[in-house]
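Notes to accompany the following structure.
The values are calculated or read from the model by the stated rules, or taken from the named source; none is laboratory data. Everything quoted here is computed from the prediction, not taken from an experiment. Methodologically, a virtual Cβ is constructed for each residue, glycine included, from the backbone with ideal geometry; neighbour enumeration extends over all protein chains shown. Just so you know, the surface numbers come from the protein's heavy atoms only, side chains and all, with ligands and any DNA or RNA stripped out. Shrake-Rupley method; radii C 1.70, N 1.55, O 1.52, S 1.80 Å.
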Amino acid sequence: MRNISISPIARLLIGCTALVGATISSLTQADTLDKIKDSSSVRIGYANETPFAYTATDGSVTGESPEIVEKIFQRMGVEKINPVLTEWGSLIPGLRASRFDLIAAGMYITPERCKQVLFTDPHYQLQDTLLVKAGNPKKLRSYEDIAKDETAKLAIMSGTVNLNYARKAGIKDSQIVQVPDTTSQLQAVRTGRADAAVGTQLTMKGLAEKAGDGVEATTDFKDDPANTGYGALAFRPEDKALRDAVNAELKKWLGSDEHLKTVEPFGFDRSNVTDKTADELCSA
């Protein structure tokens with residue numbers, strides 16, 4: 001290939017274009033943060049999943065993640081939280097389409113999601129378990145147990161990491177019942193559409209308590225320790241300034257007495273606090 005010479009004027013134009021592009025990018029990053037501070041309001045996307053984020057019987061939105069958002073943004077001088085209910089599988093597309101400013105739904109940090117959104121450092125660590133019929137008639141205690149029984153069906157909430165875990169363990173797609181939310185998982189088990197549903201220990205325990213005697217959450221679920229979930233708030237890639245501002249406040253607050261008091265009603269305690277960072281989880 002022959003050498004192509006660039007005139008000094010052309011070099012100057014290229015340099016100016018790059019500088020303008022970088023400036024616009026910086027302004028875009030700061031813009032969302034400034035708008036939130038100016039309006040003293042922030043929009044959060046959430047999916048109904050107890051205890052992470054959900055609509056209470058009085059119509060208010062609560063849960064571990066929205067309550068954390070409220071405390072952190074109050075520290076930043078932002079008073080109003082505007083919740084936007086979204087199906088789990090639509091949270092990231094909704095965020096990227098600017099339907100809300102961040103995801104506050106207890107979303108796990110995974111390398112795949114890190115390609116689409118920016119995460120804060122995690123505000124909890126948690127393992128999964130199964131929801132089954134009372135007595136666990138098929139004796140299901142792991143993904144592998146379900147894979148071995150080709151008649152067994154597993155209800156998984158669409159868009160969750162559990163789908164990959166199930167497939168990796170050898171569960172066939174014909175055994176998987178994908179549903180939009182946790183209420184649908186519960187119904188699938190209660191009606192026999194599925195023999196088990198999988199989700200976080202707190203979610204499955206909450207569903208069992210809600211359903212009464214017909215179902216139970218297993219207490220002896222065997223899972224790969226690498227599948228431990230680390231939940232965090234998520235932001236658009238262009239909103240790094242906003243993510244960094246929130247992350248700075250989180251680092252000062254997580255593990256404090258106020259933090260533990262805030263999340264205690266939702267079943268979290270000091271054992272759920274982690275020192276993992278988003279960077280190491282994104283590169284795992």
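In segment 253-278, which residue that is of a type in the set (D, E, K, R) and touching a helix residue (DSSP H, G or I) at 6+ places or on another chain (Cβ under 8 Å) is most open to solvent (accessible area, probe 1.4 Å)? Full working, then the answer.
At the first step, the residues of segment 253-278 found to be of a type in the set (D, E, K, R) are 257-258, 261, 264, 269-270, 275-276.
Right, trim to touching a helix residue (DSSP H, G or I) at 6+ places or on another chain (Cβ under 8 Å) and you get 258, 269-270.
Numbers: Glu258: 87, Asp269: 78, Arg270: 134 Å².
The qualifying residue most open to solvent (accessible area, probe 1.4 Å) is Arg270.
When segment 184-208 is filtered for residues that are crowded, with 23+ Cβ neighbours inside 10 Å, touching a strand residue (DSSP E or B) at 6+ places or on another chain (Cβ under 6 Å) and over 19 Å from Gly106 (Cα atoms), the ones remaining, listed by number, are Val189, Ala194, Ala196. Could you tell me whether Asp34 is open to solvent by less than 30 Å² (accessible area, probe 1.4 Å), modelled with pLDDT of 95 or more and of a type in the set (D, E, K, R)? No. Against the definition (among the small types (Gly, Ala, Ser), farther than 28 Å from Gly255 by Cβ, in contact (Cβ under 8 Å) with a residue 40 or more places away in the chain and outside any loop (DSSP other than H, G, I, E, B)), how does Gly45 come out, yes or no? When the stated conditions are applied, Gly45 does not pass them. Among residues of segment 72-89 being touching a residue at least 40 places away in the same chain (Cβ under 8 Å) and among the polar types (S, T, N, Q), the one that is surrounded by the fewest Cβ atoms within 10 Å (Cβ to Cβ) is Asn82. Just so you know, in segment 48-62 the residues that are at pLDDT 95 or above and part of a strand (DSSP E or B) include one that is least open to solvent (accessible area, probe 1.4 Å), and it is Ala53. Listed conditions (1) surrounded by fewer than 16 Cβ atoms within 10 Å (Cβ to Cβ); (2) modelled with pLDDT under 95 are all met by Asp181, apart from (1). Please go through (1) crowded, with 21+ Cβ neighbours inside 10 Å; (2) closer than 27 Å to Asp269 by Cα for Gln127 and return the number of the only condition it doesn't satisfy. For Gln127, the exception is condition (1).
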